[in-house]
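Q: Sharing a structure here in structure tokens format.
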Amino acid sequence: MKKLIIAIAITLASPYLYAQETYHHISNIGIYEFIDELNTLGIVNVNTSVKPYSRDFIKTLLTQANEQKEKLNNRQRKELEFYLADFDKDNAAKGKKRFDILYRSDSLYSITINPLLGVNTIKNDSAFAYNRWVGAEVHGHAGRFGFYASLRDYAQNYRLAMPTYLTREQGGNYKVDGDGGEFSEMRGGITYGWKWGSIGMIKDHVQWGSGYNGTNILGGRTPSFAMLKLNVKPARWIELNYIHGWLVSQVIDSARTYISFGETRKVYHNKYIAANLITFKPYRGLNLSVGNSIVYSDLEVQPAYLIPFFFYKSIDHHLNGMSNQVGQNSQMFFDISSYNVKHLHLYATLFLDELSMKNMFNPDKHSNFYSLKAGFRVWDLPLSNLSLTFEYTRTNPLAFKHIIETTTYESNRFNLGHYLTDNADEIHFALSYHPTRGLQLFGSFTKSRKGPDYTKITTERLGLPFMEQVEWEQTFWQVGARYQIINDGYIFIAGGVNNIKNYTSYKYTPNFMLGKQMQVEAGICWGF
């Protein structure tokens with residue numbers, strides 16, 4: 001028995017047997033775009049529809065690319081060496097390892113500690129806005145266990161990401177100060193990895209669905225929330241991703257709210273999400289994903305929703321019975337991502353909030369509440385180191401919405417899906433050129449529109465027309481440059497013309513952004 005215990009302890013402690021998963025945040029676009037580029041070249045084979053990736057997974061991909069360096073051009077080889085100096089520190093050549101405030105590693109553990117600081121600024125014809133942050137982060141492993149934590153404090157003189165704002169800025173629970181405010185963000189978790197999977201309890205941002213200007217299954221814009229996260233790859237041709245999240249409803253439970261010494265203690269309704277995405281890989285470079293989710297409340301954590309491969313709508317029917325016409329809030333989604341043609345990524349995502357086959361083609365009765373995104377990115381054509389991106393997004397009325405306030409597809413009242421929410425469409429076009437390691441020159445055009453908000457209507461909710469009238473629109477031209485100093489350290493500047501029109505009393509945009517204005521953005525950061 002003693003020998004068995006020792007053997008188990010050695011197995012759990014050994015860092016070389018299996019992976020240690022610590023997740024690398026989705027805001028570090030440099031490494032994610034480089035992996036996407038390697039994918040289009042056929043150097044690596046990645047399911048890019050689920051992010052963030054773990055640091056260990058990124059290391060594996062970079063190692064695979066390093067074994068095929070002869071297929072890369074000079075700039076790509078330098079990018080590869082640059083990222084290996086961070087994600088594979090122990091094997092980096094002396095003097096090539098990236099700079100960290102603290103890094104320690106041996107056969108049993110590793111730990112890295114770095115500060116987080118940065119500022120982004122926006123100057124237009126109306127105002128000067130800034131967003132600054134300070135904090136620190138740590139990540140490492142002990143045997144098969146991974147751990148990471150990131151704490152930062154944000155301050156803004158103009159609030160940039162309120163729940164109603166149609167922007168990709170990260171959401172926060174502000175302490176309001178005039179037009180500005182402050183919020184803090186704590187991310188991190190503890191994970192356990194084995195040869196073909198990992199499981200963890202984390203608090204982080206997750207992004208599901210294909211796309212480059214926002215995704216429409218899980219957009220990753222809400223304040224981070226705690227979740228049980230599972231990833232398993234039992235065979236080459238299949239992968240399962242699952243989360244069970246503890247959302248923040250911000251809906252007051254009056255029965256549990258009370259007054260203590262003259263102060264009101266507001267208690268919110270519990271709110272949860274269970275979601276899975278099963279990806280089939282029939283050919284190298286082709287990923288076909290199908291999944292579903294349910295947002296539920298007024299229950300404790302339901303064991304049936306902890307089963308990662310279930311169809312949760314059926315569970316909802318079982319728990320609520322046919323007499324309860326308004327149960328929980330369920331969704332389905334499909335994603336196709338193809339890297340089968342060298343240099344080209346083709347993709348499409350369909351989010352189904354409700355679909356009526358019976359009334360599919362009846363314009364007066366349809367309840368086709370869906371969001372569709374489709375597009376492509378091509379690398380190295382017609383010029384080496386150049387990428388061209390085009391995508392289109394359309395979201396029908398009432399997609400991402402729900403009639404019951406405690407089961408909306410939201411956390412902290414920020415939509416979990418596409419940042420434009422429902423009854424909206426968008427065309428996005430972008431060019432990106434990488435003349436040398438770390439330097440990106442880019443230009444983009446984005447045209448976004450949003451129609452009437454039907455959320456509060458009490459009359460017939462079927463057959464609602466798409467974009468009956470335009471209540472908000474944005475046309476944004478931008479060019480700029482970004483330089484990556486260290487792996488998570490950037491400096492950038494961009495300028496262009498931003499034209500935002502808001503035709504309704506709904507506040508979709510900060511006041512200082514309204515109208516047609518010249519806009520310049522600049523910033524510098526160490527960590528996100």
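The values are calculated or read from the model by the stated rules, or taken from the named source; none is laboratory data. What you see is a predicted model, and the numbers here were worked out from it, not measured in a lab. Here the Cβ positions follow ideal geometry from the backbone for every residue, glycine too, while neighbour counts run over all protein chains shown. Ligands, DNA and RNA are excluded from the accessible area calculation, which covers all protein heavy atoms including side chains. Shrake-Rupley method; radii C 1.70, N 1.55, O 1.52, S 1.80 Å.
Q: Determine ³J(HN,Hα), in whole Hz, for all residues of the stretch 262-276 in sequence, where each value follows from phi through the Karplus function 6.51 cos²θ - 1.76 cosθ + 1.60 and θ = phi - 60°; x replaces Gly and Pro.
A: Rounded to whole hertz, the list is x, 9, 8, 8, 7, 10, 8, 5, 5, 8, 9, 9, 10, 8, 9.
Q: I need the shape label for the stretch 44-154. Rule: rounded when a/c is under 1.5, else prolate if a/b > b/c, else oblate, with a, b, c from the alpha carbon gyration tensor.
A: oblate
Q: Positive end of the dipole of the chain, charges at C-beta (+1 Lys, Arg; -1 Asp, Glu), about the Cα centre: which of Q68, G30, N131 has its Cα farthest in that direction?
A: Highest projection toward the positive end goes to Q68.
Q: Return the whole-Å distance between the Cα centroid of the stretch 148-199 and the Cα centroid of the stretch 417-493.
A: With the stretch 148-199 and the stretch 417-493 each reduced to a Cα centre, they are spaced 20 Å.
Q: Can you work out ³J(HN,Hα) from phi for every residue in the stretch 502-513, in order, using Karplus 6.51 cos²θ - 1.76 cosθ + 1.60 and θ = phi - 60°, giving whole Hz and x for Gly and Pro?
A: 10, 9, 9, 6, 4, 8, 8, 8, x, 4, 6, 9
Q: On to the next question. If ligands, DNA and RNA are left out, what is the accessible area of T257 with a 1.4 Å probe, given in Å² to the nearest 10?
A: Here the accessible area works out near 40 Å².
Q: Rounded to the nearest 0.05, what FRET efficiency is calculated for L108 and Q64 with R0 set to 30 Å and r the Cβ-Cβ distance?
A: E between L108 and Q64, to the nearest 0.05, is 0.70.
Q: Give, rounded to the nearest 20 debye, the magnitude of the charge dipole that the chain has about its Cα centre when Lys and Arg contribute +1 at Cβ and Asp and Glu contribute -1 at Cβ.
A: Dipole of the chain, to the nearest 20 debye: 1100 debye.
Q: Here is a further query. Between T264 and I493, what is the label-point separation in nm under the 7 Å Cα-to-beta-carbon projection?
A: 5.0
Q: While we're here: F414's amide H: which non-local residues (gap 5+, or another chain) put their own amide H closer than 5 Å, with H modeled 1.01 Å from N in plane and none for Pro or chain starts?
A: Excluding prolines and chain starts, which carry no amide H, there are no hits.
Q: So what's the back-of-envelope 222 nm ellipticity for the chain, counting only DSSP H runs of four-plus at -39500 (n - 2.57) apiece and dividing by all residues, rounded to 500?
A: -3500 deg cm²/dmol
Q: ³J(HN,Hα) across the stretch 472-484 via Karplus (A = 6.51, B = -1.76, C = 1.60, θ = phi - 60°), whole Hz, x for Gly/Pro?
A: 7, 8, 9, 10, 10, 9, 8, 10, x, 9, 9, 10, 9
Q: Counting other Cβ atoms within 10 Å, which GluC sites (Glu not before Pro) in the stretch 58-116 have at most 12 and lie in a DSSP loop?
A: E67
Q: Largest first, what is the accessible-area ranking of H269, H434, H317 with a 1.4 Å probe?
A: Greatest to least solvent exposure: H317, H269, H434.
Q: Rounded, prolate or oblate: which fits the stretch 183-234 when a ≥ b ≥ c are the square roots of the eigenvalues of the alpha-carbon gyration tensor, with rounded for a/c under 1.5 and prolate only if a/b beats b/c?
A: Because a/c hits 1.5 or more and a/b fails to exceed b/c, the stretch 183-234 counts as oblate.
Q: Next question, about the same structure. Could you give the spread of the C-alpha atoms of the stretch 434-528 along their three principal axes, from largest to smallest, in whole angstroms?
A: Per principal axis, max minus min of the Cα coordinates gives 57, 26, 22 Å.
Q: Shifting gears a bit: What does the accessible area per residue of the chain come to in Å², with a 1.4 Å probe and no ligands, DNA or RNA counted?
A: Accessible area per residue: 45 Å².
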